[in-house]
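Here the structure comes first, spelled out in structure tokens, and everything after it is commentary.
Just so it is clear, none of the values below were taken in a lab; they were calculated from the coordinates. Predicted model only: the values in this text are computed from it and were never measured. Positions of Cβ are backbone-derived with ideal geometry, glycine not excepted, and every protein chain shown enters the neighbour counts.
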Amino acid sequence: MASYRRFRFHARRNRVQSSEARPDGELPLRRLVLCRDCGRDFVALIDALECDDGSRWAVMLRCGACETQRLLLVSTAELDALLNELEWNALTMEADAVHLWRERTADEIEIFVTALERDLIGTDDFGH
Ligand SMILES: [Zn+2]
């Protein structure tokens, strides 16, 4: 048994990519990040345990939108694809958060400048 963290290290070290060509006859990868119940891509990996000498993984998944939990047996390629997608989603969320913060900060600065220009606030409002 190995945790998915160990798998993750292994995948990075060996540059395992989900985009690798699939041998003929294999089923296409399931997109595990999509919730089977609500259809949204809010599924997070709770835990993963190695099975069948590392060829398959038992994963516990949880949808952040509808809170449905699923226990699935997935291939190594599917787990790798899920981890890649979760990493991408995290990066996208971080970028969105920075963008939102910049917009909000710009709004606050504009309000502050307008208040200064209209003498609604002055030096007396600061310090002491
Ligand atoms: Zn859901």
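What residues have an amide H closer than 5 Å to that of CYS51, excluding those fewer than 5 places away on the same chain, when H is modeled at 1.01 Å from N in the peptide plane?
Placed amide hydrogens put ARG56, TRP57, ALA58 under 5 Å from CYS51.
Which order do peptides 37-43, 64-70 fall in by mean Cβ count within 10 Å, highest first?
37-43, 64-70
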